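Worksheet for the structure shown next.
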Amino acid sequence: MIDDDSYDPLAGAGLDTLAIRTGHVRTAEGEHCEPLFLTSSYVFADSAEAAARFSGEQPGNVYSRYTNPTVRIFEERIAALEGAEQAVATSSGMAAILSTCIALLQVGDHIVCSRSVFGTTTVLLDKYLSRFGIKTTFVSLTDLDEWQQAICAETKILFLETPSNPLCDVADLSALAALAQSNEALLVVDNCLCTPALQQPLKLGADLVIHSATKYIDGQGRCMGGVVAGRSELVEEVLSFIRSAGPTMSPFNAWVFLKGLETLRLRMDAHSASALELAQWLQQQPQVEQVFYTGLTDHPGHAIAAKQQRAFGGVLSFRVKGGREQAWQVIDGTQMLSLTANLGDAKTTIVHPATTTHGRLTDEQKAETGITENLIRIAVGLEDIKDIKADLLRGLSAI
Ligand SMILES: *Cc1c(COP(=O)(O)O)cnc(C)c1O
């Protein structure tokens, strides 16, 4: 044992170690697994302590809308993995996006957002934030000139996901970070598809990272949650809003996510390896017209993805020869893959974006973002790759 209180065994630790050990200080019970604190409130020793806790003079728990020890471990772990000063957990990925916008923006402010973000993000910005005087201009994820032209004096946030879902377009994070900085705007990156195991946007100059923990951080499709990570001065603003508005993470969900994080890097590598193999296999199938996956060397985003990501992730899409009818035949011809819009699960999922996840888009918006009727998205899970291929072959043979 090193007898030195200042010794930090996690200083300089690798990603897996941080994902497994950050933030848990064992209680007097000596528990090995992180404890689950299912309590809404906390008891004070006397009135003076209660007063000191409420005033903030004394650190400590007051109420689980403000702090919860299990949620705090999750927040510290995400901050460590993203290389952030601080993180704050939320009840869902959408709650993380909403809380960030409300906390950091006011009436008259402007957002520039990639056109190929999660569908509900588009609805939130376009339909709801606009009602409160916060306008959004949507631009092509990959066209730096379009980002530049959309920026105006009121622009406070540049928002994007990379790679995009389902077409796997890739944005150059360093270039966008420089653009944000020179315009005194914040670069906010939804890092849900990569997770910090594959991509750390803060290290490339982003100001905030957002996750839907519901996806790969859980990894087994059980719980809803989200998180915002970055510099303390920004995260504190978001935290303050969350404490006032209430979209806090459930301690039970935080505990499930902690278990998910322990295997995050292993899972992301396995998802990525299987997705690459499946993408290459799909390219050889006669019923397939085009495959979209950043791991393929002929994908337009491949070079940037190879530079800023550790691996290419688990989501891919492909166009079958034909239209909606053929795409539906392929999907309905599979028997093992799960027909669901979720992703980031051990179970492989398959979906028809044009009539589900992107069904709300107008025909014009679909054309603009490449969501054609013959497009199928797959979020490759952790089953044996030979079985995933065999099931897809059943689907392809149905055409
Ligand atoms: C699912 C998802 C969200 C929303 O997260 P919820 O946890 O469902 O609220 C946001 N961004 C991306 C990229 C997602 O995939």
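Tabulated results
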read-out: Set Val170, Val188: member being touching a residue at least 40 places away in the same chain (Cβ under 8 Å), away from the ligand (no atom under 13 Å from the Cβ), in the same structural domain as Leu144 (by TED's automatic domain parsing) and among the aliphatic types (A, V, I, L, M); value: Val170
read-out: Hey, Gln308 touching a residue at least 24 places away in the same chain (Cβ under 8 Å) and not assigned by TED's automatic domain parsing to the domain that holds Gly225 or not; value: yes
read-out: Residues that are of a type in the set (Gly, Ala, Ser), buried (at least 23 other Cβ atoms within 10 Å of the Cβ) and either assigned to a loop (DSSP other than H, G, I, E, B) or free of Cβ contacts under 8 Å to residues at least 60 places away in the same chain (or both), drawn from the stretch 346-389; value: Gly381
read-out: Leading residue by the ranking (farthest from the ligand (Cβ to nearest atom)) among those in the stretch 203-213 that are under 15 Å from Val88 (Cα atoms) and touching a residue at least 60 places away in the same chain (Cβ under 8 Å); value: Leu208
read-out: The stretch 296-345, subset within 16 Å of the ligand (Cβ to nearest atom) and part of a strand (DSSP E or B), residue farthest from Leu141 (Cα to Cα); value: Ser338
read-out: Selection from the stretch 13-34 of residues that are surrounded by 16 or more Cβ atoms within 10 Å (Cβ to Cβ) and among the polar types (S, T, N, Q); value: Thr22
read-out: Some residue of the stretch 33-40 being assigned by TED's automatic domain parsing to the domain that holds Thr121, aromatic (Phe, Trp, Tyr), within 28 Å of Leu125 (Cα to Cα) and part of a loop (DSSP other than H, G, I, E, B); value: no
read-out: Matching residues in the stretch 92-103 - criterion: being out of contact with any Asp or Glu (no Cβ under 6 Å at 6 or more places or on another chain) and more than 8 Å from the ligand (Cβ to nearest atom); value: Leu98, Ser99, Thr100, Cys101, Ile102
read-out: Test set (1) buried (at least 18 other Cβ atoms within 10 Å of the Cβ); (2) in a loop (DSSP other than H, G, I, E, B); (3) in contact with a Phe, Trp or Tyr (Cβ under 9 Å, 6 or more places away or on another chain) - Asn61 fails condition number; value: (1)
read-out: Residue in the stretch 112-129 that is assigned by TED's automatic domain parsing to the domain that holds Asn253, under 14 Å from Ala185 (Cα atoms), within 19 Å of the chain's Cα centre (by Cα) and in contact (Cβ under 8 Å) with a residue 40 or more places away in the chain present; value: yes
read-out: Qualifying position, being charged (D, E, K, R) and more than 16 Å from the ligand (Cβ to nearest atom), among Glu82, Glu57; value: Glu57
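Every residue, every condition in (1) farther than 30 Å from Thr355 by Cα; (2) within 16 Å of the ligand (Cβ to nearest atom), yes or no:
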{"residue": "Ala89", "(1), (2)": "yes, yes"}
{"residue": "Gly108", "(1), (2)": "yes, no"}
{"residue": "Phe118", "(1), (2)": "no, yes"}
{"residue": "Arg131", "(1), (2)": "no, no"}
{"residue": "Leu141", "(1), (2)": "no, yes"}
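The values are calculated or read from the model by the stated rules, or taken from the named source; none is laboratory data. As the structure is a prediction and not an experimental result, all values here were calculated from the model. Here the Cβ is made from the backbone with ideal geometry for all residues, glycine too, and neighbour counts use every protein chain on show.
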